[in-house]
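Okay, structure first, notes after.
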Amino acid sequence: MTSWRRLRLALVLLAAAQITASASTQPSPSRVVSKAVAAPARPAPPAPQYIAGRIKELGSGFDGRVGIAVKSIDDGWSVGWKVDELYPQQSVSKLWVSITALDAVDKGRVHLDDKVTLTRDDLTLFHQPIADMILGGGAYTTTLDDLMFKAITTSDNTANDKLMRVVGGPAAVRSVIKAKHLGAIRFYDGERALQSKIAGLTWNPAYSIGNAFFDARDALPPAVRKAAFDRYVNDPYDGAAPCAIVNALARLKRGELLSPSSTEHLLTIMSNTKTGANRLKGGLQPGWVLNHKTGTGQVLGTEQAGYNDIGILTAPDGRSYAVAVMIKLTSVPLPVRMAVMNDVVRTVITQHDMSFSPVASR
């Protein structure tokens, strides 16, 4: 081998050795870990044409400020009329108190069979059937479960406010609404404070007995009363958007707000609601079930601020729909208001039958 060949071979061997040494000192390549990418949320399907047109017709044809929302809990579509505006809830807000109480039950903070005693100091105003039991014996002892049942099924203001205070007061209810991401739903400070403010008054315990509240309200100058009433209508302290309410009802039905046992318990109570027998309930057909809560506000002159019914409609085949009809302000007769609520329910049932009846599937 020539000296030149020997030199070239030496250089090649040296370079190979350097490459090998360099490779042995490099960190091993990082292992590539594929990250699962969450699939984008599928947009909700459009509402069927019939119900979209009919709800628009009902909303636009009503003589008053009304919001109507309907959501298919199973299929995800929703439809409505002026669903983003805030409407006075009135006793619809009792639903959020009960959800707060059952959330506390789920967390072990209270129990449905916990005893509570109500006295004259707990009395509120307007509709409070429990007052007779309190005044009759000076006090009345019952359970949290009974307070909830009375608050939802008979819309008892005193039962509701006592339940609210036991589970943490207005702040606790607002906290649950926020924590559960219920959206555009307000909660004020209970029936005493709310109804007094709407009337232009500040709560006085004397208002809870007899006609004292009505006498104090009637004694106000008409301009003061009207200014307070108008403030409430234009920016309701307990306002809620119908779209937020039907979304919350859908989540309640799907078991996303409470434990399975608490969800079933609340829906059962709501199926026993006695108020508003001819509001949403008036449009039911045989085999359909309604879990609902009504709300009724104060009247000034010929106008009423807040006349509502919200609930969950379940068909005989198990499919369900969240419905909210909320009248912010109107002076039309009660039968006309009830008729529009009946018609909303009939529209839902008609749409359901068009989509799922044996004839529709052929």
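The values are calculated or read from the model by the stated rules, or taken from the named source; none is laboratory data. All figures in this text were calculated on a predicted structure; none of them were measured in a lab. Methodologically, a virtual Cβ is constructed for each residue, glycine included, from the backbone with ideal geometry; neighbour enumeration extends over all protein chains shown. These accessible areas exclude ligands, DNA and RNA; they are computed on the full protein's heavy atoms, side chains included. Shrake-Rupley method; radii C 1.70, N 1.55, O 1.52, S 1.80 Å.
For the chain, what is one quarter of the convex hull surface built on the Cα atoms, given in nm²? Mind dumping the intermediate values first?
Values: hull surface 129.0 nm².
Computed as one quarter of the Cα hull surface, the answer is 32.2 nm².
Report, in deg cm²/dmol and to the nearest 500, the calculated mean residue ellipticity at 222 nm for the chain, where each DSSP H run with n ≥ 4 adds -39500 (n - 2.57) and the sum is divided by the residue count.
Values: 13 runs with 163 residues, N = 362.
When only DSSP H runs of four or more count, the value is -14000 deg cm²/dmol.
How are the Cα pair distances of the range 42-84 distributed, in percent, across 5 Å bins from 0?
5, 24, 31, 21, 12, 6, 2, 0
Could you order the peptides 145-157, 92-104 from most to least packed, using the average number of other C-beta atoms within 10 Å per residue? Show your work: numbers first, answer last.
Numbers: 145-157: 22.9, 92-104: 24.7.
Taking the mean over residues of other Cβ atoms within 10 Å, the ranking is 92-104, 145-157.
Just Gln90, Gln304, Gln285 to compare: in a GNM of the chain, with alpha carbon springs under 10 Å, which one fluctuates most?
With Cα springs under 10 Å in the chain, the top fluctuation among Gln90, Gln304, Gln285 is at Gln285.
Over the chain, with a Gaussian network built from C-alpha contacts below 10 Å, which listed residue (Met133, Met341, Met164) shows the highest mean-square fluctuation?
Ranking Met133, Met341, Met164 by mean-square fluctuation puts Met133 first.
Once the Cα atoms of helix 49-61 and of the chain are each reduced to a long axis, what angle between those two axes, in degrees from 0 to 90 to the nearest 10, is obtained?
40 degrees
Over 25 Å between Cα atoms: which of Lys71/Lys180; Lys94/Lys253; Lys162/Lys281; Lys82/Lys293 fall into that group?
Numbers: Lys71/Lys180 19 Å; Lys94/Lys253 17 Å; Lys162/Lys281 28 Å; Lys82/Lys293 20 Å.
Pairs exceeding 25 Å: Lys162/Lys281.
If you count only protein heavy atoms with a 1.4 Å probe, what accessible area per residue comes out for the range 268-362, rounded to a whole Å²? Intermediate values should be presented prior to the final figure.
On the way: 3560 Å² over 95 residues.
Here the per-residue accessible area is 38 Å².
In terms of the Cα gyration tensor, with a ≥ b ≥ c the square roots of its eigenvalues, is the range 305-362 rounded because a/c is under 1.5, prolate because a/b exceeds b/c, or oblate?
Numbers: a/c = 4.15, a/b = 2.39, b/c = 1.73.
Note, shape of the range 305-362 comes out prolate.
Suppose accessible area is computed on protein heavy atoms with a 1.4 Å probe; arrange Glu256, Glu264, Glu191 from highest to lowest.
Per-residue accessible area, sorted high to low, gives Glu264, Glu256, Glu191.
Once neighbouring chains are kept in place and the probe is 1.4 Å, which whole percent of the accessible area of the chain is contributed by carbon and sulfur?
Details: 9890 of 17550 Å².
Accessible surface attributable to carbon and sulfur in the chain totals 56 percent.
Below 13 angstrom from the Cβ of Ser271, what's the summed charge of the other residues (Lys, Arg +1; Asp, Glu -1)?
Details: positive: Lys253, Lys274, Lys281, Lys293; negative: Glu264.
After counting each charged neighbour, the total is +3.
Based on the Cα gyration tensor of the range 212-362, what are the three equivalent ellipsoid semi-axes, each the root of five times an eigenvalue, rounded to whole Å and given largest first? It would help to have the intermediate numbers written out before the result.
Details: eigenvalues 234, 66, 34 Å².
That gives 34, 18, 13 Å for the three semi-axes.
So how tilted is helix 3-25 from the main axis of the chain? Cα-based, degrees 0 to 90, rounded to 10.
Roughly 20 degrees between the two axes.
Would you work out if the range 128-260 is rounded, prolate or oblate? Take a ≥ b ≥ c from the square roots of the eigenvalues of the alpha-carbon gyration tensor; rounded if a/c is under 1.5, else prolate when a/b is larger than b/c, oblate otherwise. Mind dumping the intermediate values first?
Values: a/c = 2.58, a/b = 1.21, b/c = 2.12.
Cα axes put the range 128-260 in the oblate bin.
Nearest 10 degrees is fine. How inclined is helix 144-153 to the longest principal axis of the chain, computing both from alpha carbons?
70 degrees
Using Cα springs under 10 Å in a Gaussian network model of the chain, which residue among Ala52, Ala250, Ala179 shows the largest mean-square fluctuation?
Maximum fluctuation in the GNM of the chain, among the listed residues, is at Ala179.
How much accessible area per residue does the range 172-240 have, counting only protein heavy atoms and a probe of 1.4 Å, in square angstrom?
Per residue, the range 172-240 has an accessible area of 48 Å².
In the neighborhood of Met338, defined by Cβ-to-Cβ distances under 11 Å, what is the net charge if each Lys or Arg adds +1 and each Asp or Glu adds -1? Mind showing how you got there, number by number?
Values: positive: Arg279, Lys281, Arg337; negative: Asp309, Asp343.
Computed value for this residue: +1.
Sort the range 231-278 into rounded, prolate or oblate with this rule: let a ≥ b ≥ c be the square roots of the eigenvalues of the Cα gyration tensor; rounded if a/c is under 1.5, and if a/c is not under 1.5, prolate when a/b is larger than b/c, oblate otherwise. Working shown, then result.
Working: a/c = 2.83, a/b = 1.54, b/c = 1.83.
Oblate, because a/c is 1.5 or more while a/b does not exceed b/c.
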